[in-house]
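Working notes, structure below.
The values are calculated or read from the model by the stated rules, or taken from the named source; none is laboratory data. Note that the coordinates shown come from a computational prediction; the quantities given were computed from them, not determined experimentally. Here Cβ is always computed from backbone atoms with ideal geometry, including for glycine, and neighbour counts include all displayed protein chains.
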There are 2 protein chains.
Amino acid sequence: MMFDLKTYMQQKRQLVDRALNDALPAESISPTGLHEAMRYSVFSGGKRLRPILCLAAAEAIDPECQGAIEPAVAIELLHSYTLIHDDLPCMDDDDTRRGKPTNHIVFGEANAVLAGDALQALAFGVIAGASPAQPYEVRQLLDELATAAGSRGVVGGQVEDMACAPEDLTPEKIEFIHRHKTAELFRAAVRMGAMVAGASTSDLSDLTEFATRIGMVFQLVDDILDGGEEGGDERSCLRIFGVDGAKRRAEEMTQEAHDALARLRGNTMPLEALARQMAVRSH
Amino acid sequence: MMFDLKTYMQQKRQLVDRALNDALPAESISPTGLHEAMRYSVFSGGKRLRPILCLAAAEAIDPECQGAIEPAVAIELLHSYTLIHDDLPCMDDDDTRRGKPTNHIVFGEANAVLAGDALQALAFGVIAGASPAQPYEVRQLLDELATAAGSRGVVGGQVEDMACAPEDLTPEKIEFIHRHKTAELFRAAVRMGAMVAGASTSDLSDLTEFATRIGMVFQLVDDILDGGEEGGDERSCLRIFGVDGAKRRAEEMTQEAHDALARLRGNTMPLEALARQMAVRSH
């Protein structure tokens, strides 16, 4: 039977978008400009890949699980905040993202910093409403999210990315940056979904390996696609691995991700399809 | 019996500083520059007022309570992050704080944004280690901290403060800004301490009133002291209330804070002394 990933993603995306809309204060609530800025970036055409992974991981453990929407929303709010701060003039200084003006271009730099700050706080606040299955607790979801968000997670990855001169790039540094900037959020998304569904220790460990691998693949494919268009970022991994080397790494890691999934007993079809799609995507 | 506030504060400060040191990754841990920047601002001579209020609130409910150190640390990490971001060139553009160069002057703007981001994540992460007494749960501490940190808490206050032109200041706007920028963190500090100690609903409500009042007093006294030195910030409340009016408001609110405390049965001596000190402080 062919799994219809497109329909699956559309349905989950709608679910996530509705929950994000419920979680974010309305633009009519004071401070209105801040809430407008927060909503602008959250609803700017993201594919909702991380929250969908969270929901799919929960379903792989327990097909009836309905409780993964809070961590799914939290991870997308956190992701949105990191994009706003990454785009700031003092960081990557990007004027557009997904074809739209970035947050600081529309709302000014101060408001962009503050919108990001408030989105991070909201991400954690949403976790307070989650209902993890036994033997997990809210404190474990919180720990998961805080680790992924912190100085040894996405923030650490961004620091290293900015600090690393192109000529100093090594395979180890690239792996560090990819792992922290990208794989950490994939990992937290999948693990929180699995925890909410009551995953066993062994299932959680397989899903963790799956998530880390596809996170790395995601970033490798990003660099390959960038490189194909315009010679690429000078900090791209292509400088180290070359296009063929990067493709080979991505294939190996995709295989390892599938091997990890194969050890799970639940319905892993959505996760498999998501991983396959990530490896072959063209934009 | 005279309560020795100075010794009390010294002892608590040491306790808080040790716990902050334990919570923050060592400077030797990668990314080393980020951890250095985080530590620089956390250990830059703060009085630890908010964490001490948290500990004192817990003691007022249960003199034996040892569990308030996690929320105390969390609130100080959160406070430190807001100071780093408030000082940024795109915000208040301050070069010094407490007589030292601000974070972005020492580490650069990008690292200051990221150090603040990582401190916020760490504040939430520390809450995962808390052990609230019945009937409270980690999720309630988390909700408390997220609300205080979010778009309707400190971030909302900073947005309104920056958006409000001096000529548009009204008593209501000043109250909004003071309440959100300052009182929200006092409130969360005191409420989390009380929750960890197992406060009754009625005690929690009295302590909430106490905390909100002294938070407002703290900000009023700040403006009075600023105004005395150099004519003051043009967004100071003195423009609306005048020095005498601001002093009168601070006195009224201090009285209301003491009235709220008087309804509690526990040992409220430290909280009383802290409130008195805040009303009469000279720097």
How many residues of segment B:29-54 are over 30 Å from residue B:216 (Cβ atoms), of a type in the set (Gly, Ala, Ser) and surrounded by 20 or more Cβ atoms within 10 Å (Cβ to Cβ)? The answer is 1
The lone condition residue B:82 fails out of (1) more than 21 Å from the chain's Cα centre (by Cα); (2) at the interface with chain A (Cβ under 10 Å from one of its Cβ atoms); (3) closer than 17 Å to residue B:43 by Cα is (1)
Scanning segment B:194-204 residue by residue, those within 19 Å of residue B:66 (Cβ to Cβ) and either surrounded by fewer than 21 Cβ atoms within 10 Å (Cβ to Cβ) or under 19 Å from the mean Cα position of the chain (by Cα) (or both) turn out to be B:194, B:195, B:196, B:198, B:203
Condition set buried (at least 24 other Cβ atoms within 10 Å of the Cβ), within 14 Å of chain B (Cβ to nearest Cβ) and not β-branched (Val, Ile, Thr), scope segment A:60-76, selection nearest to residue B:117 (Cα to Cα): answer is A:74
If we scan segment B:99-106, do we find a residue that is more than 10 Å from chain A (Cβ to nearest Cβ), of a type in the set (A, V, I, L, M) and either without any contact (Cβ under 8 Å) to a residue 12 or more places away in the chain or buried (at least 22 other Cβ atoms within 10 Å of the Cβ) (or both)?
yes
*Answer with yes or no whether residue B:207 is farther than 23 Å from residue A:25 by Cα, assigned to a helix (DSSP H, G or I) and either within 14 Å of another protein chain (Cβ to nearest Cβ) or over 13 Å from the mean Cα position of the chain (by Cα) (or both).*
yes
Discussion item. Can you say whether residue A:123 is touching a Lys or Arg at 6+ places or on another chain (Cβ under 7 Å) and of a type outside the set (Asp, Glu), as far as the supplied structure shows?
Written reply: no
Of the listed residues (B:210, B:176), the one being among the aromatic types (Phe, Trp, Tyr) and touching a Leu at 6+ places or on another chain (Cβ under 8 Å) is B:210
If we ask which residues in segment A:261-283 are in contact with an Asp or Glu (Cβ under 6 Å, 6 or more places away or on another chain) and of a type outside the set (A, V, I, L, M, F, W, C), their number turns out to be 1
Condition first: within 24 Å of residue A:116 (Cβ to Cβ), touching a Pro at 6+ places or on another chain (Cβ under 6 Å), away from chain A (no Cβ under 13 Å) and not in a helix (DSSP H, G or I). Can you find one or more residues in segment B:212-234 that meet it? no
Those residues of segment A:110-127 which are of a type outside the set (A, V, I, L, M) and free of Cβ contacts under 8 Å to residues at least 24 places away in the same chain amount to A:125
Those residues of segment A:151-200 that are in a loop (DSSP other than H, G, I, E, B), modelled with pLDDT under 90 and closer than 25 Å to residue B:24 by Cβ come to a total of 1
Determine whether segment B:126-135 contains at least one residue that is within 18 Å of the chain's Cα centre (by Cα), assigned to a helix (DSSP H, G or I) and under 30 Å from residue A:129 (Cα atoms).
yes
Filtering segment B:107-116 down to residues that are surrounded by fewer than 23 Cβ atoms within 10 Å (Cβ to Cβ) and at the interface with chain A (Cβ under 8 Å from one of its Cβ atoms) yields B:108, B:109, B:110
If we ask which residues in segment B:176-190 are within 14 Å of another protein chain (Cβ to nearest Cβ) and within 19 Å of residue B:49 (Cα to Cα), their number turns out to be 6
Inside segment B:1-23, the number of residues satisfying the requirement of being within 23 Å of residue B:81 (Cβ to Cβ) and either touching a Pro at 6+ places or on another chain (Cβ under 7 Å) or exposed (fewer than 13 other Cβ atoms within 10 Å of the Cβ) (or both) is 4
Exactly one of A:82, A:96 is surrounded by 19 or more Cβ atoms within 10 Å (Cβ to Cβ) and of a type in the set (Ser, Thr, Tyr), and that residue is A:82
TODO: State whether one or more residues within segment B:24-32 are within 14 Å of another protein chain (Cβ to nearest Cβ), in contact with a Cys (Cβ under 9 Å, 6 or more places away or on another chain) and not β-branched (Val, Ile, Thr).
DONE: no
How many residues of segment A:117-153 are buried (at least 22 other Cβ atoms within 10 Å of the Cβ), more than 7 Å from every other protein chain (Cβ to nearest Cβ) and closer than 16 Å to residue A:51 by Cβ? The answer is 8
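Yes or no, residue by residue, for (1) within 21 Å of residue A:184 (Cβ to Cβ); (2) in contact with a helix residue (DSSP H, G or I) (Cβ under 6 Å, 6 or more places away or on another chain); (3) modelled with pLDDT under 95:
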| residue | (1), (2), (3) |
| --- | --- |
| A:93 | no, no, no |
| A:105 | no, no, no |
| A:115 | no, yes, no |
| A:129 | no, yes, no |
| A:143 | yes, no, no |
Per the filter on segment A:48-72, residues of a type outside the set (Asp, Glu), at pLDDT below 95 and either touching a strand residue (DSSP E or B) at 6+ places or on another chain (Cβ under 7 Å) or farther than 15 Å from residue A:19 by Cβ (or both) are A:63
Expected single match for over 30 Å from residue B:59 (Cα atoms) and within 14 Å of another protein chain (Cβ to nearest Cβ) among B:162, B:195 is B:162
Being under 15 Å from residue B:194 (Cβ atoms) and either buried (at least 24 other Cβ atoms within 10 Å of the Cβ) or over 15 Å from the mean Cα position of the chain (by Cα) (or both) narrows B:57, B:26 down to just B:57
